[in-house]
Structures are given as structure tokens and as C-alpha cells.
Amino acid sequence: MNERWRYVAASAGLVADDGRVRPTIFAEMSALAARTGAANLGQGFPDEDGPEWIRELAVESIRGGRNQYPPGRGDAALRAAIAEHERVRYGLDFDPEREVLVAAGATEALTSAVLALAGPGDEVLTLEPFYDSHAAAIAMAGAAHTTVPLVPGAEGFRLDVDALSAAVSPRTRVILINTPHNPTGTVLSREELAAIAAAAARVDAVVVTDEVYEHLTFDGAEHHPIATLPGMRERTVTISSAGKTFSLTGWKIGWACGPEQLIEAMLAIKQFLTYSGGAPFQPAIARALSEGGSDIEALRRSLDHRRELLLDGLQRAGFTVMRPSGTYFICADASPFLSETVPDGDAFARRLPEQAGVACVPVSAFCRAGSPTAEALKNWVRFTFVKDEATLLTAIERLLARR
Ligand SMILES: *Cc1c(COP(=O)(O)O)cnc(C)c1O
């Protein structure tokens, strides 16, 4: 029997003792939150739908007959809008015919890239902590997963540049990064990106970069796509998505931009994963990308306000918090609340819904089981602030009452 699914699920920590696939910690915490009536600051999806005019465009598309397979590479208008967005915002030029690929969310783009570019005997290097699908894609490819830590300090969670040099080997085919970074909220600096670029060039690796939070930055932090660094456009696949930018996560419209040869390799995989999808949503997102600037800015401002609210509340409740420069997550050190019976962030997160009526997720869920980074971050938990203000205030009130 082919047991690869078991290998993939196990590598994501999802095989239970009875051999069945168990839900991810995110689904588990959401279920627990629902059961206990907890304010759910665990799973990171918005509780408000994106702009109505964009949703109306999708309705019009359905009524107007956009209901059959769109082209495998994606709707031409959407590819043009993506290329235009990259050009205007970052000065990156991509040919929409050959260098842009639409996918079923950033997730499918990421998985296609990893499956296309790495296999048994190869290494894929990610940051640690990492987004869960990164590890699953590497396991599906049969490649070895190596990591470089983000280390908490006075300047937030920063890339360990020395560890990066040591972690890259001639077998490293792909360096898979994520900025702005989930869960830490780090926006990688130009210096950190330059170190990654140098490492990739040294071993001739491709960089795959997950930039789904590209628009959600705060405190004047600037998001730099690594493809804008000297020499990097030719070895980088840049991935993003409409889900986080427009609070339309269920539409699953994502994309990749990169040199033709890499996009072609991804297309080979992607056309037998979904082939294509989201026909009525693609033209709506095309318009959103070209005309939705003020909606994005409104979301960013509103998130900034909610970030301050939650940072302040968590601090008052006794957590040591890390101020995020991007995304919609705050990592907090739960050490002051730990004890013999609640020894780490995982136990803390599992207890909190029942005990205080608030849900969060442990940062260890974003690490390899038993890794040095998992050990270093074992007391940390992640809260999301992409919830309405009333939910955030309820959560803060409950955490304060618990002191
Ligand atoms: C939400 C998220 C994704 C998934 O994006 P989709 O477009 O929904 O597939 C990918 N990467 C990170 C870091 C995310 O937080």
C-alpha cells in the first residue's frame, strides 16, 4: 500500500494514535472556541466580508455567464491586472502571457512551486516558525525540510543570518520564505532579504516567496519583494493572493509571478491539481486589484487600530508581546501564566477557551516537532486581531478578569 499520505500527514503532525488524520490545531482550537463560546482569536480569518462592490462584481459575473472553466493560466484580465499591480507597486515587470499564473489561492501556487522544483534528495529551506502548508508541500514533494529560525529580540523576531549560511547546502533547491510573516508579524528587512538572496545565489537555489500579507504593514514598515533585489528576479517565484488583501479568503484566488521557465514548471503541476477554478471571482479580483486601493488602505488602517487595541490589552493582561510590523497576528509570551500543570504554550492554548473564554494558537504549531526553535518558542502563543472590535474588547476583558 502506498503510505505517502501517512508520511505527509505525520510530517504536519496530523496522524493520531488510531492512524486517522486529525484536524489541524487551528481547526481544533476553532471547534473548542465554538463549543465553549470563547472569543476566537485563534484561526486567522476575517469575521467581516470584503468590500460589497467587489462581491457584487462576482454576482454579475455569475449572472453574465462566467461559469465555465477559465483558462488554465487564469483569466487574461486578471493576469494583466496582476502584472500591472507588480509594475506600479514594485517596479517589477512580468509578461502576463508567460510570467503570471493564477491558482486556487496562494496555497495551490505554493504547493505547485514546491512540487515542480523539489523532490527526493533535495532540500527545501524555510523560515521557522513557518506556515503549515509550507511543510506539507515539502513532505508531498518527498524533499527534506530544513529551517532557519526567526529569533525574538528587541527588534522583534529577526532572521538568524549566521544560521542561514549554515543551513544552506548544495542540495538546497528552494528557499521558501514568507514576508510579512505569519505567525511572527515580521516584515523582513532589506538586509535580511539580501542575506537570503546571497545564500540562494551561492547554491543556485530558487526562492519561492509567500507575500499574501504584502499590503498589511504597520508603523511605516515597508514590504520589499525579494524579486526586486539585484539578480533575484530571475530566480524568484513571487506568490500572493486576494484572500487577505480583500478579506475574501473563501474565494481562493491566488497567483504566482516569475520567470517563464519557473511558471511553466508550476503550470505543469497546477493543471493536474485543479486545472483552473473560481471563474466568476477572477474578473472581480482583476477590478479589485486595479481599483481597490482605497479599500486596501481602509482595511490596513482598521487593522492598525485593532492591532494597537489588542497589543495594549494583552500587555495589561500580563503577556510579554511582540509588536508586529505586518500581518494580522500578535505573538505573546505566555510564560507568566505557566505552571506545572500548564507547562507550555500548547497546554495554555488548550486550556484558555474553557478557563477564560478566549482562543489562541500555540506558536509551536508553526514549528517542527522537537526542533530547537519549537523548544525556544514553546511558551509563545499567537492571537489574531482580524476580528471585529467588540470581539477583541470581549477577549481583552476576559483576559483581564482572569488576572
Ligand atoms: C492565509 C495564508 C496563506 C493561504 O492563502 P490562500 O490564498 O488562502 O491559499 C498562505 N500563506 C500564508 C502565510 C497565509 O497566512
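Taken together, the values in this text are just the output of simple stated rules run on the coordinates, not laboratory data. Here the structure is a predicted model, which is why all the values come from computation and not from measurement. Don't worry about glycine lacking a Cβ; one is built from the backbone with ideal geometry, like all the others, and counts go over all protein chains shown.
How do the peptides 369-377, 36-44 rank, highest first, by the average count of neighbouring beta carbon atoms within 10 Å per residue? Present the calculation step by step, with values, prior to reporting the outcome.
Working: 369-377: 16.2, 36-44: 21.1.
My ranking of the peptides, most packed first, is 36-44, 369-377.
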Lysine pairs meeting the criterion (Cα under 24 Å, 8 or more apart or interchain), as found in the chain | 5
Over what distance in Å are the Cα centres of the range 370-402 and the range 130-148 separated?
-> 25 Å
Most exposed first, judged by fewest Cβ atoms within 10 angstrom, TYR90, TYR328, TYR131, TYR275 run TYR275, TYR90, TYR131, TYR328
Just subtract the alpha-carbon distance of VAL59 and ALA390 from 0.36 nm times their residue separation and send over the number in nm, one decimal.
-> 116.2 nm
Could you tally the net charge around VAL212, taking each other residue with its Cβ under 13 Å from the Cβ of VAL212, Lys/Arg +1 and Asp/Glu -1?
-> -2
Whole number please: convex hull volume per residue, Cα atoms of the range 149-223, in Å³.
-> 88 Å³
Residue among GLY243, GLY278, GLY231 with the largest mean-square fluctuation in a Gaussian network model of the chain, springs linking Cα atoms under 10 Å = GLY231
Enumerate the calculated ³J(HN,Hα) couplings along the range 78-86 in order (Karplus 6.51 cos²θ - 1.76 cosθ + 1.60, θ = phi - 60°), each rounded to whole Hz, writing x wherever the residue is Gly or Pro.
-> 5, 4, 5, 5, 5, 4, 5, 4, 5
Semi-axis lengths (Å, descending) of the ellipsoid that matches the C-alpha gyration tensor of the chain | 32, 26, 21
What translational diffusion coefficient, in µm²/s and rounded to a whole number, does the Stokes-Einstein relation yield for the range 21-71 at 10 °C and a viscosity of 1.306 mPa s, taking the hydrodynamic radius as the Kirkwood radius over Cα pairs?
-> 112 µm²/s
Expected max-MSF residue from GLU264, GLU108, GLU128 in the GNM of the chain (alpha carbon, under 10 Å) is GLU264
Arrange the following residues from fewest to most other Cβ atoms within 10 Å of their Cβ: ARG350, ARG316.
-> ARG316, ARG350
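First obtain the Kirkwood hydrodynamic radius of the range 1-121 from its Cα pairs, then insert it into the Stokes-Einstein equation at 20 °C and 1.002 mPa s, and state the resulting D in µm² per second as a whole number.
Values: Rh = 18.9 Å.
Rounded, D is 114 µm²/s.
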Specify the residue with the greatest mean-square fluctuation among LEU125, LEU338, LEU267, computed from a Gaussian network of the chain linking alpha-carbon atoms under 10 Å apart.
-> LEU338
Which value in deg cm²/dmol, rounded to the nearest 500, describes the helix-derived mean residue ellipticity at 222 nm for the chain, given -39,500 (n - 2.57) per DSSP H run of n ≥ 4 and division by the residue count?
-> -13000 deg cm²/dmol
Applying the Karplus parametrisation 6.51 cos²θ - 1.76 cosθ + 1.60 with θ = phi - 60° to the phi angles of the range 228-243, what ³J(HN,Hα) value in whole Hz is obtained for each residue in order, glycine and proline being reported as x?
-> 7, 6, x, x, 8, 4, 6, 10, 10, 10, 9, 10, 8, 6, 7, x
Return THR146, THR172, THR320 ranked ascending by Cβ neighbour count within 10 Å, so the fewest neighbours appear first.
-> THR320, THR146, THR172
